[in-house]
Amino acid sequence: GFLYGNSAMKLDFTPEETAFRDEVRSFLKDALPDDLRRKMINRDHLTKEDTVRWQRILNARGWAVTHWPVEYGGQAWTPAQRYIFQEEMALAHAPEGSPFNVNMIGPVLCKFGTPAQQERFLAATANIDIWWCQGFSEPGAGSDLASLKTTAVRDGDHYVLNGQKIWTTQAQHADWMFGLFRTDSSGKKQQGITFLLLDMKTPGITVRPIETIDGEHDANEVFFDDVRVPVENIIGEEGRGWDVAKHLLGSERSGIA
C-alpha cells in the first residue's frame, strides 16, 4: 500500500512483493554480463550485439516483453511488480532491450496484427530474431507527421513505394521496418496513410548514414525507389494507418515515461 507522511510518500510492499523484488535482484545479479554492466556504468555506447545478447537473456526468463498480453509472451504483473522490476533493472545498471521491438511494433502487432502476422513476427520480435526500425519522419514531416509524402501505390498484390524517410534510428542494423506511407492524397492529411511492414533487403531501399554531433552513427536517411511490398504486410486497413500510429506512439511514450 501507500503510506503518506508529512513530507514524502513511502512505498510499503507486501511480503509477496518483497519476495518478487528478491527474485528479480537475484536474477539480475547472476544473469547480467559484467561487461554490459560496466558499459552501462561508464555510459559507453552499446552495440547491436550487446542489446541482442541481453534481450535474449531476458526473453529466456520470460521478462523481455512483460507488458505484452500474456497470450503473446507477457506477464500478468501488478503495477507494483512492474515498478519493482523497473527499479531493480535501473539499480543493477541493466540495459533496456530494443525499444522498437519491445515498446513499439510489438504492442501494435498484439493489437492490430492478423493471426498470421502475429505467428510470423511476435516471437521473433521478442527474441530480436528480427531487428526493427521505424520509418515515420520525413524531410518536412517530422513533428507534423501527418504531412508525410512517401507514397505507396497499389499494384496488384503489392504496394510500390517511392520517397524518403529521415532520422531513421538504427536502420543500418534493421532486418525489417515498420512505417507510414501515403496511399491516398485526396482527403484530410491524416487520412490516406497506411501502416506497412517491409523487409529491408527488398530491392530499391537505400540506407545512408547521418553522423550526429557525438560522432556516433545512429540515425539514417532511407530512400525508396520502386520498392515492392506485399499487400499482406499491411497492419490494419488501408488508409487507417494513423489510428495504428497513435496506438504505437502511446506505447512508446509510456515506455519512455
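Name, by its number, the condition in (1) of a type in the set (A, V, I, L, M, F, W, C); (2) open to solvent by 60 Å² or more (accessible area, probe 1.4 Å); (3) free of Cβ contacts under 8 Å to residues at least 24 places away in the same chain that does not hold for A141.
Result: A141 passes all but (2).
Condition first: modelled with pLDDT of 95 or more and over 14 Å from G241 (Cβ atoms). Now tell me which residues in the stretch 174-194 satisfy that.
The answer is A174, D175, W176.
Here are some conditions: (1) assigned to a loop (DSSP other than H, G, I, E, B); (2) surrounded by 14 or more Cβ atoms within 10 Å (Cβ to Cβ); (3) over 22 Å from the mean Cα position of the chain (by Cα); (4) aliphatic (A, V, I, L, M). A174 meets all but one. Which one does it not meet?
Among (1) assigned to a loop (DSSP other than H, G, I, E, B); (2) surrounded by 14 or more Cβ atoms within 10 Å (Cβ to Cβ); (3) over 22 Å from the mean Cα position of the chain (by Cα); (4) aliphatic (A, V, I, L, M), A174 violates only (3).
Name every residue in the stretch 1-38 that is of a type in the set (S, T, N, Q) and either modelled with pLDDT of 70 or more or touching a helix residue (DSSP H, G or I) at 6+ places or on another chain (Cβ under 8 Å) (or both), in order of residue number. Steps first, answer last, please.
Applying the first criterion (of a type in the set (S, T, N, Q)) to the stretch 1-38 yields 6-7, 14, 18, 26.
Scanning the stretch 1-38 gives T14, T18, S26.
In the stretch 100-134, what residues are assigned to a strand (DSSP E or B), open to solvent by less than 20 Å² (accessible area, probe 1.4 Å) and out of contact with any Ser or Thr (no Cβ under 6 Å at 6 or more places or on another chain)?
W132 - this is the single residue of the stretch 100-134 that is assigned to a strand (DSSP E or B), open to solvent by less than 20 Å² (accessible area, probe 1.4 Å) and out of contact with any Ser or Thr (no Cβ under 6 Å at 6 or more places or on another chain).
Taking the residues in the stretch 17-56 that are among the hydrophobic types (A, V, I, L, M, F, W, C) and in contact with a His (Cβ under 6 Å, 6 or more places away or on another chain) as candidates, determine which candidate is least open to solvent (accessible area, probe 1.4 Å).
The first filter runs over the stretch 17-56 and keeps only residues among the hydrophobic types (A, V, I, L, M, F, W, C), leaving 19-20, 24, 27-28, 31-32, 36, 40-41, 46, 52, 54.
Narrowing the set further to residues that are in contact with a His (Cβ under 6 Å, 6 or more places away or on another chain) leaves 40-41.
Values: M40: 65, I41: 92 Å².
Filtering first and then ranking leaves M40.
When you go through (1) among the acidic types (D, E); (2) surrounded by fewer than 19 Cβ atoms within 10 Å (Cβ to Cβ); (3) over 19 Å from the mean Cα position of the chain (by Cα) one by one for E88, which number turns out not to apply?
In the conditions (1) among the acidic types (D, E); (2) surrounded by fewer than 19 Cβ atoms within 10 Å (Cβ to Cβ); (3) over 19 Å from the mean Cα position of the chain (by Cα), E88 misses (2) alone.
Scan the stretch 225-257 for residues that are at pLDDT 85 or above, hydrophobic (A, V, I, L, M, F, W, C) and farther than 19 Å from A146 by Cα and jot them down.
Within the stretch 225-257, V227, V229, V231 meet the criteria.
When only residues in the stretch 145-171 that are open to solvent by 60 Å² or more (accessible area, probe 1.4 Å) and either in a loop (DSSP other than H, G, I, E, B) or among the charged types (D, E, K, R) (or both) count, which is farthest from Q191 (Cα to Cα)?
Filtering first and then ranking leaves W167.
The values are calculated or read from the model by the stated rules, or taken from the named source; none is laboratory data. These figures come from a predicted structure and were not determined experimentally. Neighbour counts are summed over all protein chains in view; Cβ atoms, including those assigned to glycine, are modelled from backbone coordinates with ideal geometry. When the accessible area is computed, the model is the full protein with side chains, heavy atoms only, and any ligands, DNA or RNA have been set aside. Shrake-Rupley method; radii C 1.70, N 1.55, O 1.52, S 1.80 Å.
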